[in-house]
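The values are calculated or read from the model by the stated rules, or taken from the named source; none is laboratory data. Note that the structure is a prediction, hence the values are computed from the model and not measured. Here the Cβ is made from the backbone with ideal geometry for all residues, glycine too, and neighbour counts use every protein chain on show. Note: accessible area is taken over every heavy atom of the protein model, side chains too, but ligands, DNA and RNA are not part of it. Shrake-Rupley method; radii C 1.70, N 1.55, O 1.52, S 1.80 Å.
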Amino acid sequence: MIRLQLPLQHVMQQPSNNDNSAAIRFGGLFRYSGRALQLVWTTSVRLSLAFGALTLLAGVLPAVVAWVGQLIVDGVVSAMNSAGPTQQDALRHVYNLVALEALAIAGLSACQRGISTCQSLLRAQLGNRVNTMILEKALTLSLQDFENSEFYDKLTRARREASVRPLSLVNRTFGLAQNTISLVSYAFLLAQFSGWTLLILALAGLPAFAAETKFSGDAFRLFRWRSPETRKQMYIETVLAREDYAKEVKLFRLGPLLLKRYTDIFKNLYKEDRSLTLRRDSWGLALGLVGTAVFYGAYAWIAASAVQGQISLGQMTMYLLLFKQGQSAVAAILAAIGGMYEDNLYLSNLYEYLEQPVSQPGGSASSGPNPEDGIRFENVSFTYPGASRPALVDISLHLPPGRSLALVGENGSGKTTLVKLLSRLYEPDSGRVLLDGLDLREWDPEKLRARVSVIFQDFARYQFLMGENVGAGDVEEFSNQSRWERAGEKGLASEFVDQLPKGYHTQLGRWFKDGQEISGGQWQKVALSRAFMREDADILVLDEPTAAMDASAEAQVFEHFRKLARNRIAILISHRFSTVRMADQIAVLSGGKMIEHGSHEQLLAADGVYARLFELQAAGYR
Ligand code: ADP
């Protein structure tokens, strides 16, 4: 895998570089055919067998047709030269042969029909299979992977043509095999005329073959190199064509600017496409003409041999047909090769994506040695991959069960990052996070996730039913209406559910039929209720989910929150000090460091940053 990628990545940085050795070219051509075949085979053994058998038959039958054609013409000539009962016999023989050819032709078209049936059925099954593989893989990936743009490129490319490429590669591989079989069978028949014809066939085909491989290789690299550009284009498409962006795009009149960006990217890509296409087609034309000249030279030679009586009329018909069909077989082979490069490109990407190593959190523990210990951060530091500044520096905290913690600090101070480390979406670079006295790394991730219920600032707004939006908090109870209602009470969603046309069974969002849009504050209540779905979770984290609510609603939510949190750990991120002060502990973060830590009273007494901010906000209410 890596061996192929190195030169490719090298070229990715230098698109004009043409250091393509023959080995890479042929490696690229067949690299993934085996895997595509395997994929098709495991998708449906019966269809694959039928596909293979029909391909073989379709490869051999044209030569059979040509051969029977020769017998017919020779039969006709001999019938014309005879008389009486012998002529009758000869004619009957010709009829039989004609029937045989008709049978072969019917067989050939049946094969072709059968091949396309197999292809259609396989396409549907394979598309579903590959898409499922891609999505299953996506489920195993970490948040880091999703935030990595190079990786995201892979995922996008893999998803884009998931349903067609694997089958296309198999079709082309089989098409290549079919035409090669035909060509070999033609060669076998032609060899009886003269061994030279084989050389002629090769001479006519090889230059065009070499050119096609080279240019297909260039196209292969080009496609790969410009994947980020294509992704930018896709992103602009999303922004311009999706409901959730439409408001801003209209109000800020971003449309024309973005559309221009979109067409500029196209123009750039088109320039490269055009130059490659022109080069490819002009070379293709020139070498194709050489091929045609050689073919027709052979044609003349065959005709002359017939006139000189060296071969029969029937043989002449057969050889001419073989040459003509040989030429189209060569053309088909060239086309197959061109396409195979592109398909290989796609598949290399698909497999790179599927084989992306996942750093599965390894632990298996389902409980810790000291359940009374709760959560402990020990000298935790963390820097996001690729970031120049650490997001958290040397954080130490202890939060026993039954206590609550509020995180305060300006935007970007590291509050959300701390929550991400606690829910193990990321791992600390140094230091440890412990739950019940056990490092999070040693916990079974499933068990851990079941215990922590987090609602992030940018919580998801699912275009599902209202109830399912709440139920998403606990997959086991996803469709349980009485649980929706209980959670809805605690998270305050119940307040407006009655106003929705179908209550908890109302479709939310605008994407689907009868969808109802709700306000930002209402969405937050939905998200809060989602957090309350997890009745077994004993750690509840709310990352500013109440910012769009009015102050009294927020206070009410925290009432529930504190009630629920009595034996549990509650962590809350908020900019409203009226709610922050309710927490047992308050940690003030700044630039990733914890600059103050204590209860509301302690921090006021310390008269530091917290006291100043608190006074500032309190003054606003006076
Ligand atoms: P807060 O929640 O306090 O507003 P965050 O914890 O979200 O702050 O962010 C802390 C710092 O980490 C910020 O400087 C932010 O730019 C950076 N950061 C946040 N998320 C990412 C990410 N996914 N990748 C890289 N840097 C990030």
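Laid out as a table, the results:
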read-out	value
Spatially proximal lysines relative to K502 (Cα-Cα < 25 Å; intrachain offsets below 8 disregarded)	K490, K513, K525
Using a Förster distance of 25 Å, the FRET efficiency for H93-Q310 (Cβ separation, nearest 0.05)	0.55
Length added when fully stretched, E535-L139, from 0.36 nm per residue minus Cα-Cα	140.1 nm
Computed FRET value (nearest 0.05) for A191 with Q38, which takes r as the C-beta separation and R₀ as 35 Å	0.50
Modelled FRET efficiency - R0 51 Å, L269 with R432, Cβ distances, 0.05 increments	0.60
Carbon + sulfur, % of accessible area of the range 375-619 - ligands and nucleic acids excluded, 1.4 Å	48 percent
Relative contact order (%) - criterion: Cα under 8 Å, at least six apart; region: the range 267-416	11 percent
Accessible surface of H505 - all protein chains present, 1.4 Å probe, nearest 10 Å²	90 Å²
Spatially proximal lysines relative to K154 (Cα-Cα < 22 Å; intrachain offsets below 8 disregarded)	K137, K232
Qualifying lysines (Cα of each under 20 Å from Cα of K415; at least 8 residues distant if same chain)	K593
Distance (nanometres) between label positions extended 7 Å along Cα→Cβ at V475 and Q516	2.9 nm
Where the chain is the region considered: accessible area per residue in Å², 1.4 Å probe	50 Å²
Sulfur and carbon atoms: percent of accessible area, the range 219-271 [1.4 Å]	63 percent
Dimensions in Å of the chain - Rg and Dmax from alpha carbons	35.6, 129
Normalised contact order of the chain, rounded percent, pairs of Cα under 8 Å and 6 or more residues apart	14 percent
Within the accessible area of the range 31-189 (1.4 Å probe), percent carbon and sulfur	63 percent
Directionally averaged shadow of the range 32-354, computed from the convex hull of its alpha-carbon atoms, nm²	21.4 nm²
